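Colleague: I'd like to ask some things about the structure below.
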Amino acid sequence: MSSRAPSFERGTHRRLSTYAPALVSALATVLALELRLREIGWGSPYVYHPDEHSVVHAALSMVREGSANPKFFHYPSLLLYVEAGLVAALQPWIQADLRTDPALRGLGPWDVAPEHFPFVLAGRVFVAVAGAGSVLLVAYLWGRWLGSVAAMAAAWLLAVSPLHVENSHYLTTDVPAMLWVILALFWSASAHKGTGGLVASAVCAGLAASTKYPAGIVFLAPLAAALGSQRPVRAILLAIVACVGAFALTSPFVVLEPQRVWADLAVVRHNYSSAAWSPANFWYYPRYLSLTGLGPVASALVLVGWWVFWRQDGTEPRAWRWMVAGLPWFYLAYLGTWSVRFERNLMPLLPFALLFLGIGADHMVKWAAPHWRPLVAAGLVLLIAWLPLRTSQGFLRQLALPDTRTLARQWIEQSLQPGSHVAREEYTPQVDGRRYRVTYVQVLGTRPYSWYLSEGVDYLVASSSIYERYRSWPGIGDTYRTIFDRLPLLAEFRPGATANGPTIRIYEIPRWREPEEARGE
């Protein structure tokens, strides 16, 4: 990797101070680490995030079988390999049973055994450190690229961004993938000048895709830069080889088992219910960014920076500038085709927002008189960070509360007779299968009420994370209405001031018979 900084420089205030920007950025990194490590053990010893179990199960399987094949391709493999390495390193001390068979101790297919929680915690710490490292990386790279004002503004926003802080608490692909996107975007600015920046950017894009499939969209940046090189065909081929090679080396079985990969991705597409592009879905994400993910001040500066970036000329190829300016809007349009919305899918866009934020902040500071610029820069950083920091603090306070699923599990163990038959859906408490007869149904509404009667089910445990998504569906919604309207509600646990998580409802199935059945005797 070349050590030269990209030539794209718009920083006009490098003389603010020699040490102050470095100190401010270092403080942002320390704050970022504190925000990301606080409450990192939330939910212990149970795993309540809907995606963490997939990463853990794949890693446990690889270590248990001594195989490099994760046999799971909803995600690419790089993070799975990192987690498998953590499992292998910790297992000599933890000595946990690495089996994930749903029949083991009554665990469900979406559960993680309590003795596996140390592996989850280690993975979360890795993600949190990667998140704080991204702040340090932005502070350093943006300082070389755009100047000290841009570096301070971008680093502080990333440090306190609720979008980034929240996802740094989960063993998921989003935060590690963003780190690679940052590097790929930075090096793409110099990709037209030689093979060093081009290869570095393309490799980082391949690693981004190997961590989270959609993050690979950043490869369009070095590809566009290659068009402006002296030998564009050679540069494009080199970029493709570097990107594909990095992806294949770190997610080899994605390449070796295309049929299984396609089948797994079909499940992902079904989960997102991809449909025609929707303006409502498109505008949902900018609205979230402006109100929560970035905050209103930062969002305004991002728009200013985008306009400055679009209007001003630079030494970079025009194709690269058009691509970097247009790619975020293209990606938002792509997200608009997904009827199921998850804010975490905005993570690949965050480095682009930080780029435009840095340009916008620098552009605003240059309007001040030279002797006022340090004070203006400090005030601007404070305005950028204040509201996002308050939102992130609120998230952490909520995360510290007991989870509704933990409370529901405690109620079940105290109130239901051992040996009772309990049917539970996904995102519900881990009912002890050694104490109760447990039936797992991913969506309770997919089974008719008569089925639960015929199976002798005594209690139903439902989660708002499921029934709120499906209760309007034909057929499925009818079953949920039957459950909610006709069955006695024994207990309900709602999130709020004293609890975190989805609403959990526990219903009893009375042992009564239909009148027709009674008359037939």
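The values are calculated or read from the model by the stated rules, or taken from the named source; none is laboratory data. Worth saying up front: this structure is predicted, and the values here are computed from it rather than measured. As a convention, Cβ positions derive from the backbone with ideal geometry for all residues, glycine included, and neighbour counts pool all protein chains shown. Calculation scope for accessible area: heavy atoms of the full protein, side chains included, ligands and nucleic acids excluded. Shrake-Rupley method; radii C 1.70, N 1.55, O 1.52, S 1.80 Å.
Colleague: For residue 382, which of the numbered conditions (1) assigned to a helix (DSSP H, G or I); (2) in contact (Cβ under 8 Å) with a residue 40 or more places away in the chain fails to hold?
Modeller: Answer for residue 382: the failing condition is (2).
Colleague: Further question on the same structure: Could you tell me which residue of region 58-70 is surrounded by the fewest Cβ atoms within 10 Å (Cβ to Cβ), considering only residues that are free of Cβ contacts under 8 Å to residues at least 40 places away in the same chain and outside any helix (DSSP H, G or I)?
Modeller: 66
Colleague: Considering only residues that are aromatic (Phe, Trp, Tyr) and crowded, with 20+ Cβ neighbours inside 10 Å, which ones fall in region 71-109?
Modeller: 73, 75 - these are the residues of region 71-109 that are aromatic (Phe, Trp, Tyr) and crowded, with 20+ Cβ neighbours inside 10 Å.
Colleague: Which one is surrounded by the fewest Cβ atoms within 10 Å (Cβ to Cβ) among residues in region 409-436 that are of a type in the set (D, E, K, R) and either under 23 Å from residue 486 (Cα atoms) or touching a Lys or Arg at 6+ places or on another chain (Cβ under 7 Å) (or both)?
Modeller: Of everything passing the filter in region 409-436, 434 is surrounded by the fewest Cβ atoms within 10 Å (Cβ to Cβ).
Colleague: Quick one: in region 18-39, of everything that is of a type in the set (A, V, I, L, M) and open to solvent by less than 20 Å² (accessible area, probe 1.4 Å), which residue is farthest from the chain's Cα centre (by Cα)?
Modeller: 28
Colleague: Still on this structure: Using the structure shown, decide if residue 327 is more than 23 Å from the chain's Cα centre (by Cα) and either at pLDDT 95 or above or in a helix (DSSP H, G or I) (or both).
Modeller: No: the conditions fail for residue 327.
Colleague: Of the residues 163, 207, 171, 183, which single one is open to solvent by less than 20 Å² (accessible area, probe 1.4 Å), out of contact with any Leu (no Cβ under 6 Å at 6 or more places or on another chain) and farther than 18 Å from residue 392 by Cβ?
Modeller: 171
Colleague: Within region 199-235, can you find the residues that are of a type in the set (Lys, Arg) and either in a helix (DSSP H, G or I) or modelled with pLDDT of 95 or more (or both)?
Modeller: Those that are of a type in the set (Lys, Arg) and either in a helix (DSSP H, G or I) or modelled with pLDDT of 95 or more (or both): 212, 234.
Yes/no matrix, rows are residues, columns are (1) surrounded by fewer than 17 Cβ atoms within 10 Å (Cβ to Cβ); (2) at pLDDT below 85; (3) farther than 27 Å from residue 343 by Cα:
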position	(1), (2), (3)
244	yes, no, yes
249	yes, no, yes
253	no, no, yes
259	yes, no, yes
276	yes, yes, no
280	yes, yes, no
287	yes, no, no
291	yes, no, no
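Colleague: Another question, then. Being buried (at least 19 other Cβ atoms within 10 Å of the Cβ) and either touching a Lys or Arg at 6+ places or on another chain (Cβ under 7 Å) or under 30 Å from residue 431 (Cα atoms) (or both) is the requirement here; does residue 113 meet it?
Modeller: In short, yes.
Colleague: For region 295-320, how many residues meet the condition of being of a type in the set (A, V, I, L, M, F, W, C), open to solvent by less than 40 Å² (accessible area, probe 1.4 Å) and closer than 24 Å to residue 219 by Cβ?
Modeller: Looking only at that region, the number is 4.
Colleague: I'm trying to understand the selection: among the residues of region 439-470, which are out of contact with any helix residue (DSSP H, G or I) (no Cβ under 7 Å at 6 or more places or on another chain), open to solvent by 10 Å² or more (accessible area, probe 1.4 Å) and part of a helix (DSSP H, G or I)?
Modeller: 450, 451, 453, 454, 464, 465, 468, 469
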